[in-house]
1. Does A:Gln106 satisfy being within 9 Å of DNA strand B (Cβ to nearest atom) and under 24 Å from A:Leu137 (Cβ atoms)?
2. With the structure loaded, tell me whether A:Gly190 is out of contact with any helix residue (DSSP H, G or I) (no Cβ under 6 Å at 6 or more places or on another chain), under 15 Å from A:Ala6 (Cα atoms) and not in a helix (DSSP H, G or I) or whether it fails that test.
3. Condition first: among the small types (Gly, Ala, Ser) and at negative phi. Can you find one or more residues in region A:133-151 that meet it?
4. Out of all the residues in region A:67-87, which are touching a Lys or Arg at 6+ places or on another chain (Cβ under 8 Å) and either within 16 Å of DNA strand B (Cβ to nearest atom) or closer than 13 Å to A:Val36 by Cβ (or both)?
5. Between residues in region A:50-77 that are more than 16 Å from A:Asn29 (Cβ to Cβ) and residues that are part of a loop (DSSP other than H, G, I, E, B), which pairs lie under 7 Å by C-beta distance while being six or more apart or on different chains?
6. Could you grab me the full set of residues in region A:145-203 that are under 17 Å from the mean Cα position of the chain (by Cα), charged (D, E, K, R) and within 11 Å of DNA strand B (Cβ to nearest atom)?
7. Among the residues of region A:88-98, is any more than 12 Å from DNA strand B (Cβ to nearest atom) and not assigned by TED's automatic domain parsing to the domain that holds A:Thr62?
8. Condition first: within 15 Å of DNA strand C (Cβ to nearest atom) and over 18 Å from the mean Cα position of the chain (by Cα). Now tell me which residues in region A:26-72 satisfy that.
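The values are calculated or read from the model by the stated rules, or taken from the named source; none is laboratory data. Just so you know, these numbers come straight off a predicted model, no measurement behind them. Cβ: placed from backbone, ideal geometry, glycine included. Neighbour counts: every protein chain shown.
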Amino acid sequence: MLISSAFDLYLFLEKQNLLQDAPPLWWPNAGSFEVVVGAILTQNTTWHNVEQSLSNLENYITLEKFCLLDENKLKEKIKPSGFYNQKAPRLKMLTCKIQKEFGSFQNFQKNVTREWLLAQKGIGNETADAILCYGCLRAEMVVDTYTKRLLKMYGIEFQTYDAYKYFLQEGVQSHFPISQHHSVYAQFHGMIVEYNKKLKTFK
DNA sequence: GGCCAGGTGTAAA
DNA sequence: TTTACACATGGC
């Protein structure tokens, strides 16, 4: 299988039926506040561990309730997903700031910018795009280490995060109408993650 | 028992 | 502006 463009990769992954058991936009509960929490918790951590933490938090996953949660209590609840001493204060700071500056999660979805997210402690390129794509339903594609590794297998490499992102988005933009860009980005990244999981089970 | 996971921030060169 | 390292749990 020769892959020389992002669209080739998309078609290749699509043939594998990787998302048949996944939600439509791949990320669980896309479009909800839970995505913001999950995006931070999953940093350098398996989704399986994040699910334990989210389950511990089930009664607190709204913007309003989350801000009222005691930081030490939050640490306890997110222990299964690791790095809790840094993720807890960062989550607390982030969610309270969303509450204070945007008033509601709906308003945050509509008005937050990538620059605003990147200025928050604990949010880098990948987490910012995950929150924008799956939390705010914006047409922003996520690039992760899997993506870079996969492209490298086909001899495709770039220097910066943005270069990867634009390479992938361009491949989608040139073959889909603008109305479909968001859902295709969301599924494209999802397929890349699932494909890597699948590869691992064969080892 | 070692390695890795749906990364990020910081300090030092 | 790059590189090295800390952060932490759970699965294989």
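1. Details: within 9 Å of DNA strand B (Cβ to nearest atom): no; under 24 Å from A:Leu137 (Cβ atoms): yes.
Against the criterion (within 9 Å of DNA strand B (Cβ to nearest atom) and under 24 Å from A:Leu137 (Cβ atoms)), A:Gln106 does not qualify.
2. Values: out of contact with any helix residue (DSSP H, G or I) (no Cβ under 6 Å at 6 or more places or on another chain): yes; under 15 Å from A:Ala6 (Cα atoms): yes; not in a helix (DSSP H, G or I): no.
Taking the combined requirement at face value, the residue does not satisfy it.
3. Yes, region A:133-151 has at least one match.
4. Within region A:67-87, A:Cys67, A:Ile78, A:Ser81, A:Tyr84, A:Asn85 qualify.
5. Close Cβ pairs (under 7 Å, with a partner that is part of a loop (DSSP other than H, G, I, E, B)) amount to A:Leu69/A:Tyr60; A:Lys77/A:Leu57.
6. A:Lys148, A:Glu194, A:Lys197
7. No, every residue in region A:88-98 fails to be more than 12 Å from DNA strand B (Cβ to nearest atom) and not assigned by TED's automatic domain parsing to the domain that holds A:Thr62.
8. Across region A:26-72, the qualifying residues are A:Ser55, A:Asn56, A:Leu57, A:Glu71, A:Asn72.
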